[in-house]
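Notes follow once the structure below has been shown.
FYI, it's all coordinate maths here, none of it is from the lab. Here the structure is a predicted model, which is why all the values come from computation and not from measurement. Ideal geometry is used to build each Cβ from the backbone, glycine not excepted, and the neighbour counts take in all protein chains shown.
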Amino acid sequence: MPNGWKLSTVLAGGIALLAVAGLSRGVYTVGPESVGVIQRFGRSIGTVDPGLRFKLPFGIDQVTILPVKRQLKLEFGFGSAGGSNPDQVSNEQSKESDMVTGDLNAAHVEWVVQYEISNPEEYLFNNREPGPTLRDLSENVMREVVGDRTVDEVLTVGRQGIENEAITKLTSLVQELKMGIRVQQVQLKNVHPPTAVQRSFEEVNRAQQEREQMINQANGEYNKVVPRASGEAQKKISEAEGYALKRVNEAEGDVARFKALLEQYEKAPEVTRQRLYLETLSEVIPQLGSKIILDASAKQFLPLMNVQQFEPKPPVQK
């Protein structure tokens, strides 16, 4: 067998092996929740959608697959097992969760930041380590927001306000740095005082709750007693006003009657005097009962009398 033929056979076999190796390395798959960012000789040339794809082998093309349709999260102060995001959990959970409030009290704050990759190229090329950078930004924002509030706000009524302000500030920073990230939610989890003072803080909270309870009970008693007393006072005032109006009307009526009699008396004094006398007798005599006037010389009169018909009549009610 000629040597030239052997050499060409070896070269053909080498080329075939290189072709097979190139094809095996050039085929890749992009998942349904991801896109692939292609770099050719280190320069970005675009993105590819999910599916079976091919790239130039031997380092010519490089593809970075990013989960752009998956909700990613960062956990601060705690860590969940089985997370697929390498930046989800920190190795310094206790340090990042210990904070100082605006009134110089300590608080242990655990929270979660949920986000998604909105621009793959900005996410890859605008920041060297976008995941750790987002963790640092989130921690700084939370410390700033917590530091502007009292410990009572942080532990009780101010949770919603903290979440809203944190997501607003974090979104502004992410857009300013063009990180290619959309912050979806900032959610507070477990928030409590440090372990060393937690028992004392719970006693203070218990005392405050008892104080509020006693205030509410006192207000309830006040709202029950005061309206009843006001109603009774108004009732007595109304009764007094009614009685006063009655007496005034009676007095005015008596005055009007007296004036009318006086007017008639001035016109005819003798007639008026006689009429008043007779009217008075007509009212008084019926109350005296029956009277019998006998002649001093009358005899044997009693047997003829029907005594019962002369019984006194009861007085006339006016």
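DSSP loop GluC sites (Glu not before Pro) in the stretch 65-170 with at most 11 other Cβ atoms within 10 Å of their Cβ, which ones? The partial results should precede the final answer.
Details: sites: Glu75, Glu92, Glu96, Glu110, Glu116, Glu121, Glu122, Glu139, Glu144, Glu153, Glu163, Glu165; in loops: Glu92.
Those satisfying the criteria are Glu92.
Restricting attention to the stretch 72-193, lysine pairs at least eight places apart or on different chains and with alpha-carbon atoms under 18 angstrom apart total 4. For Thr150, Thr280, the sequence from fewest to most other C-beta atoms within 10 Å is Thr280, Thr150.
With a Förster radius of 41 Å, plug the Cβ-Cβ distance of Ile45 and Asp148 into 1/(1 + (r/R0)^6) and report the FRET value to the nearest 0.05.
Working: r = 46 Å, r/R0 = 1.12.
Between Ile45 and Asp148 the formula returns 0.35.
Peptide packing for 197-209, 235-247 was compared via the average number of neighbouring C-beta atoms within 10 Å per residue; ordered from the highest value, the list is 197-209, 235-247.
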